[in-house]
Amino acid sequence: LFLLSSASCHLFVGNPPPLRWHQDITLLIMPLNGDPNAFPPIGQQPFPCKGFHADIDGPGGDPVASWTAGQDVTFSYVLQSAHSGGSCQVALSYDKGQTWVVVQTWEGNCPRAQTPGTVTNIYDVDQNYTFSIPEDFPTGHRVIFAWVWINATGNREYYMSCSSVNISGSGPVTTTTPAGPPLLVANLDPMKQECYTKEGTSVIYP
């Protein structure tokens, strides 16, 4: 688990380690919206993965975990601010971030706040989350595992942390992402006017 020593706010997946985990912590912890309070200010980052998915074919994209279809896997957050929780999705991409399939959602209290249902930045100490890799998912190398969070309170933001993993599944290695629910993308330009979440609520995914 990779810990923050001195950084302001926000969070990222600490286990498995995210792409570029060893580089600028400011970029790891901020939302894709950027950070206007940074010096100098940082503008909106590219979807997906803040552009870090470009590393997937190089040494920076070496897998940091090996998972098996049908297996329960656990990941954990490194965070400093809960933004009263919100809603989260976990998705996988077999094609270097071009397409995504959602395999788990948490609607409300994600990440877990110390007192659910309240306006708070105090988070619960347990930030381990478990989901299942679908049994029928194929084998993939350097599959991108993404965790996405839409916060309940504060600025309307969109967080995304990505890691490289291997998946052992049915059949030969494929670079085709399985069919399934797509990621919800919100609060980002230029689609902000069409998909903008309401502050003070947790997203219910379509």
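The values are calculated or read from the model by the stated rules, or taken from the named source; none is laboratory data. Here the structure is a predicted model, which means the values were calculated and not measured. Glycine gets a Cβ as well: all are built from the backbone with ideal geometry, and neighbour counts include every protein chain shown.
Conditions tested, residue by residue: (1) crowded, with 16+ Cβ neighbours inside 10 Å; (2) basic (Lys, Arg); (3) free of Cβ contacts under 8 Å to residues at least 40 places away in the same chain.
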{"position": "29", "(1), (2), (3)": "yes, no, no"}
{"position": "34", "(1), (2), (3)": "yes, no, yes"}
{"position": "45", "(1), (2), (3)": "yes, no, yes"}
{"position": "52", "(1), (2), (3)": "yes, no, no"}
{"position": "63", "(1), (2), (3)": "yes, no, no"}
{"position": "69", "(1), (2), (3)": "yes, no, no"}
{"position": "72", "(1), (2), (3)": "no, no, no"}
{"position": "86", "(1), (2), (3)": "yes, no, no"}
{"position": "95", "(1), (2), (3)": "no, no, no"}
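Residue pairs whose Cβ atoms lie under 7 Å apart, separated by 6 or more positions or on different chains, with the first residue in the range 144-165 and under 15 Å from residue 52 (Cα atoms) and the second of a type in the set (Asp, Glu), are 164/62. Screening the range 22-106 for strands (runs of 3 or more DSSP E) wholly inside it with 2 or more residues that are more than 23 Å from residue 180 (Cα to Cα) returns the ranges 72-79. Every condition in (1) within 18 Å of residue 163 (Cα to Cα); (2) modelled with pLDDT under 95; (3) hydroxyl-bearing (Ser, Thr, Tyr) is met by residue 68 except one, and the failing one is (2). Does the range 111-129 include one or more residues that are of a type outside the set (Phe, Trp, Tyr), modelled with pLDDT of 95 or more, under 30 Å from residue 169 (Cα atoms) and not in a loop (DSSP other than H, G, I, E, B)? Within the range 111-129, none of the residues are of a type outside the set (Phe, Trp, Tyr), modelled with pLDDT of 95 or more, under 30 Å from residue 169 (Cα atoms) and not in a loop (DSSP other than H, G, I, E, B). If you check residue 135 against the conditions, is it at pLDDT 95 or above, over 18 Å from residue 100 (Cβ atoms) and part of a loop (DSSP other than H, G, I, E, B)? Considered against the rule, which asks whether it is at pLDDT 95 or above, over 18 Å from residue 100 (Cβ atoms) and part of a loop (DSSP other than H, G, I, E, B), residue 135 comes out as yes.
Condition test on residue 172, is it farther than 23 Å from residue 108 by Cβ and free of Cβ contacts under 8 Å to residues at least 40 places away in the same chain? Yes.
Each row is one residue, and each column tells you yes or no for (1) under 25 Å from residue 73 (Cβ atoms); (2) at pLDDT below 90; (3) part of a strand (DSSP E or B).
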{"residue": "162", "(1), (2), (3)": "yes, no, yes"}
{"residue": "167", "(1), (2), (3)": "yes, no, yes"}
{"residue": "175", "(1), (2), (3)": "yes, no, no"}
{"residue": "183", "(1), (2), (3)": "yes, no, no"}
{"residue": "186", "(1), (2), (3)": "no, no, no"}
{"residue": "189", "(1), (2), (3)": "no, no, no"}
{"residue": "195", "(1), (2), (3)": "no, no, no"}
{"residue": "200", "(1), (2), (3)": "no, yes, no"}
{"residue": "205", "(1), (2), (3)": "yes, no, no"}
